[in-house]
């Protein structure tokens, strides 16, 4: 009895023979029937090919097999049946018994995987499952032993063809490189997952003179690559191209409970490619410019002096976060999601430093206000009107039904004076990117080759270290862009609270030219001096209106508080630094007695250090 008849026999038996009917049969007839079925099942076990799409029909697989196109792309997620379809297609070509194509002779083709290991575990394994051992004449091994085929990496399989002669299924790996794909013509080439473009082009040459076929079975995880352009979009209008997309729901052999379990373990972005087989834009890092070697500075907190010192890799102090640099606090409020609070400083050259952090969930405004004051006391942060100033997300203006107060109003009661920020996500991201990028730098021997404008200070010996902002900036990613859907480019809204308050702060900075010539610096100094004079004339301590950002006195500045200035005037004055002048602002910052002069020239020199 032929294999197809065996399959039909099993189908009828499973449909008609219930357990009750079987029990009613005479013992002799029952035993004969069971012996016959065992023989049939043993035969089917050796030759699974007739069982393919026999009891249930995978419609997308059948469209793939029935197509006469020479370049077929079968897109699908994990467990959609794409690899099975590719393997069965290969076996049909090798055996010469393709049900939908006329194959007149023995064939020779390649099965191409991404790596040797992937070949062994996926494509090679699947082909061996559909090949009856009686059809195999010989097996060549590239690595391993013929006696242990399951763990060997095959080079070829010689298969007896129904058209006469011997077909050869060759195995290749993309890691072998393009040159290994040069040589003789091939009747077919199966790519299991996406190859490199040069290898794909080389393989097209292999099928050209025999009018052979290429098929690809892949999950589109690499973004919008050449496969997307040349096959999915078919930009060249090649009449021989066919693209089929399969999802989990297209696989009739995949139980619903399995689909639900897999969905639960994937993000919406992952589902687009792994469930539906959709091409998606690469979900790369938003701040790809960030490099810990450049943007993270090591620091240590001196509990006696209440100063953060910057230290090199050997622990030697080379500078400090000066109190005149202290700028403001930025807050992204939350409750179940963390409230993210960071303290920022800005030096005389416009470089911004994140120096302290409060990041915590399930805490209310009184708690966060206390921590803000603790950090401020630890840093001797300047007060305005007896409190501290900063910026906050406009969502903080919404009133609570329980207290009839907004988060912003609650902070004001605790003397944390906050104003709203521009929440533009895209513009804010561009601002952060501008601060992160390496700008032109005169000292070509310095490391790095250029200088960023934003730094995160890592201080491991105190409780307000910038832990979470360092974590977030390294993994802050773009949302997947699904091809064919008009979705706005945006970051993934997850683990982004520190990124929000960073964006608020840097986007609020003045849009001034960061690097200037000497003459530009001189002109800017005089312009700023005029602004400073206007600010001092307009706002004096005797004209205190009680409103932050207008006329509040600066308090607790210690040695830097040599002038009674308005907060507005202070910022302008501090931005002057030593631009356009030769004034030396040397100080002794090392408690162990070594001096560390910090003139304008030496401030530039320190950026030659790593970090």
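Any read-out appearing in this document is the output of simple, stated calculations on the displayed coordinates, not a laboratory observation. The structure presented is a predicted model; accordingly, all values stated were derived computationally and were not measured. Cβ placement follows ideal geometry from the backbone for every residue including glycine, while neighbour counts extend to all protein chains displayed.
Subtracting the Cα-Cα distance of residue 302 and residue 438 from 0.36 nm times their residue separation leaves 45.9 nm of extension gain.
At 25 °C and 0.890 mPa s, what whole-number value in µm²/s does Stokes-Einstein give for the translational diffusion of the stretch 334-376, with Rh from the Kirkwood sum over Cα pairs? All intermediate terms of the calculation are to be shown ahead of the outcome.
On the way: Rh = 11.4 Å.
The diffusion coefficient I find is 216 µm²/s.
Against the empirical curve 2.2 N^0.38 Å, the C-alpha radius of gyration of the stretch 197-340 lands at a ratio of 1.85.
Stokes-Einstein D for the stretch 247-301 at 25 °C, 0.890 mPa s, Kirkwood Rh over Cα pairs, in µm²/s? In µm²/s, the coefficient is 168.
The label point for residue 267 and the one for residue 134, both projected 7 Å from the Cα toward the Cβ, are 5.2 nm apart.
Sequence gap at least 6, Cα distance under 8 Å: using those rules, report the relative contact order of the stretch 59-274 to the nearest whole percent. Let's see the in-between values first.
Values: 402 pairs, mean separation 65.7, N = 216.
The value is 30 percent.
Equivalent ellipsoid of the stretch 59-274: semi-axes from √(5λ) of the C-alpha gyration tensor, largest first, are 26, 21, 18 Å.
As a test of understanding, state the convex hull volume per residue of the stretch 177-221 from its alpha carbons, in Å³.
Details: hull volume 2.9 nm³, N = 45.
Spread over its residues, the Cα hull of the stretch 177-221 gives 65 Å³ apiece.
Name all residues of the stretch 366-386 having a backbone nitrogen under 16 Å from the label point set 7 Å from the Cα of residue 402 along its Cα→Cβ direction, giving them as ranges. Of the residues in the stretch 366-386, 366-369 have backbone N under 16 Å from the label point off residue 402. The distance from the alpha carbon centre of the stretch 234-290 to that of the stretch 371-443 is 40 Å, rounded to a whole number. For the stretch 292-515, the C-alpha radius of gyration divided by 2.2 N^0.38 Å, with N the number of residues, is 1.05.
List the relative contact order of the stretch 292-515 as a percent without decimals, with contacts defined as Cα pairs under 8 Å and 6+ residues apart.
Numbers: 382 pairs, mean separation 51.8, N = 224.
Relative contact order here is 23 percent.
Quick check: pseudo-label points 7 Å beyond the Cα along Cα→Cβ at residue 32 and residue 253, how many nm apart are they? Spacing of the two 7 Å Cα→Cβ label points: 3.4 nm.
Where both partners of a DSSP beta bridge lie in the stretch 59-274, what percent of those bridges are antiparallel, to the nearest 5?
On the way: 11 of 37 bridges.
Roughly 30 percent of the beta bridges in the stretch 59-274 run antiparallel, per DSSP.
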